[in-house]
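Any read-out appearing in this document is the output of simple, stated calculations on the displayed coordinates, not a laboratory observation. A quick note: this is a predicted structure, and the numbers were derived from the prediction, not measured. When we count neighbours, we look across all protein chains shown, and the Cβ atoms used for this are built from the backbone with ideal geometry, even at glycine.
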Amino acid sequence: MNINPLLVLAVVGAILFVLGMLDVIKHKRITPAAKGRLMTALIFAAVLAWQAWQHRV
């Protein structure tokens, strides 16, 4: 079975984003843990956007 690494990156990024947003909703502020999760999800999204742009050109 061949696993696409970009799909893994997208799934992990989505999970981190959801966990970060749940942390923000729970504490009503951005905690250090939420900030780390959201920043990591943002980096993953940037990598995915870069890869999509590279394949488009």
Inter-part distance where the stretch 7-32 and the stretch 40-55 are each reduced to a Cα centre, Å: 17 Å
Highest-MSF residue in the chain out of Ala34, Ala14, Ala46 [GNM, Cα springs under 10 Å]: Ala46
Mean Cα-pair separation over length for the chain, i.e. relative contact order, pairs under 8 Å, 6 or more apart, %: 38 percent
Folded to 0 to 90 degrees: helix 5-27 orientation relative to the chain principal axis, Cα: 10 degrees
Inter-label distance, nm, simple model (7 Å from Cα along the C-beta direction), His27/Ala10: 3.0 nm
C-alpha long axis of helix 32-56 to longest principal axis of the chain, angle in °: 20 degrees
Coordinate range along principal axes, alpha carbons of the stretch 1-50, Å, largest first: 41, 22, 12
Cut-off of 10 Å, at most 12 other beta carbons, DSSP loop: longest stretch of the chain lacking such trypsin sites (Lys or Arg not before Pro): 30-57
